[in-house]
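Encoded as C-alpha cells, the structure appears first; notes follow it.
Any read-out appearing in this document is the output of simple, stated calculations on the displayed coordinates, not a laboratory observation. No experiment lies behind these values; they were computed from the predicted model shown. Cβ sites come from the backbone with ideal geometry, for glycine too, and all protein chains shown count toward neighbours.
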Amino acid sequence: MQRFEVDIDPNDRMLLDVLVKLKSVDESISLRRSCHKGICGHDAININGANRLACQTNMKELPSRIILRLLPSLPVIRDLIVDMTSFFQQYHSVILYLINDTLPPGRERLQSPEERDQLDGLYECIPYQSCSSACPSFWWNPGKYGGPTGLLSAYRFIVDSRGMATSARLDNLEDPYRLFRCRTILNCTDICPKNLNSAAAIGQIRSMLARRVVRPWRDAGTRRS
Ligand code: FES
C-alpha cells in the first residue's frame, strides 16, 4: 500500500477531483475515469471499505484518512485498475437487447404508461462492477453466477412489453448457478449509487421461473378434476 498526502481546496468537491489532482503530481498513478457524472462507472473503487464511485463521493463525507483499495475479487491490472473481462463475460451472457420478430410499425413500438413504468428502477443501471464485486456469491462462483448487474439487466428486458422472448430469456437463466446462487446478502442493493434493487429483480425472475413450473402442473390437475 502506498501513502499520499494531498492538500485539497474548495474546488476539490469529489474524491475523483482529488485523485485527478494526485495524478497531476505523480503521473505514474493509474486509475480509470471518464464522465465524472456517475454515468460510465469507470471510477468504481473500494473507498474506506465500501465500493463506490469516486466521482459521486463527496469529500465532506470522508474522514481525513482515506483508504482506497481495488474492487474486491477482480484481478489487478495496475494501481486502481482491475481486469473486468470476467465481469463483462457474465454481463453479456444475458441477452441485452430487445427481441421482437414482428414487422416494426411505421414509427416506433409504443408502450402504455403502465408498461413504461415497469422499466423504472431497471433501465438506470450502469454496467459497472461495484455491486457484483461486493457480492460473495459472485466471488465464489466466478464465470458461473450472473451477478447483480447482469441479472437486473436481464429482468429489465424480460419485463419490457416490446420484447417477445420471455421464455428464451428465462431458459437462459434456469441453471443452478446463473440465477440461484443469489443468497440475498443484499450488498448489491446497499452500495448501488442509483438506489436500484438488484435483489428484488432477482426475486422477480425466480418467481417467474417458479410460476412457469407450477402452472402446467396446476393446469393438468384442473383438467383431471
Ligand atoms: Fe463516470 Fe464516475 S467517472 S461514473
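Net charge of the neighbourhood of Phe138, taken over other residues with C-beta under 10 Å away and scored Lys/Arg +1, Asp/Glu -1, is +2. Lys23 sits among other residues whose Cβ lies under 14 Å from its own Cβ, and their net charge, with Lys and Arg +1 and Asp and Glu -1, is -2. When shorter helices are ignored and each DSSP H run of at least 4 residues is given -39500 (n - 2.57), the per-residue value for the chain at 222 nm works out to -11000 deg cm²/dmol. Charge dipole of the chain (Cα centre as origin; +1 on each Lys and Arg Cβ, -1 on each Asp and Glu Cβ, all else neutral): 880 debye, rounded to the nearest 20.
When you filter the chymotrypsin sites (Phe, Trp or Tyr not before Pro) in region 1-106 for DSSP loop state and at most 12 other Cβ atoms inside 10 Å of their Cβ, you are left with Phe4, Tyr97. Dipole of the chain computed with +1 at Lys/Arg Cβ and -1 at Asp/Glu Cβ about the Cα centre; of Gly150, Asn11, Ile39, farthest Cα towards the positive end is Gly150. The residues packed around Ile202, meaning those with a beta-carbon under 11 Å from its beta-carbon, carry a net charge of +4 if Lys and Arg are +1 and Asp and Glu are -1. Taking 4.7 Å between beta carbons as the limit, the unpaired Cys residues of the chain are Cys55, Cys125, Cys135, Cys182, Cys192.
For the set Lys21/Lys194; Lys23/Lys194; Lys23/Lys144, the pairs lying more than 29 angstrom apart at their alpha carbons are Lys23/Lys144. For region 13-91, the list of trypsin sites (Lys or Arg not before Pro) that fall in a loop by DSSP and count at most 15 other C-beta atoms within 10 angstrom reads Arg13, Lys37, Arg65.
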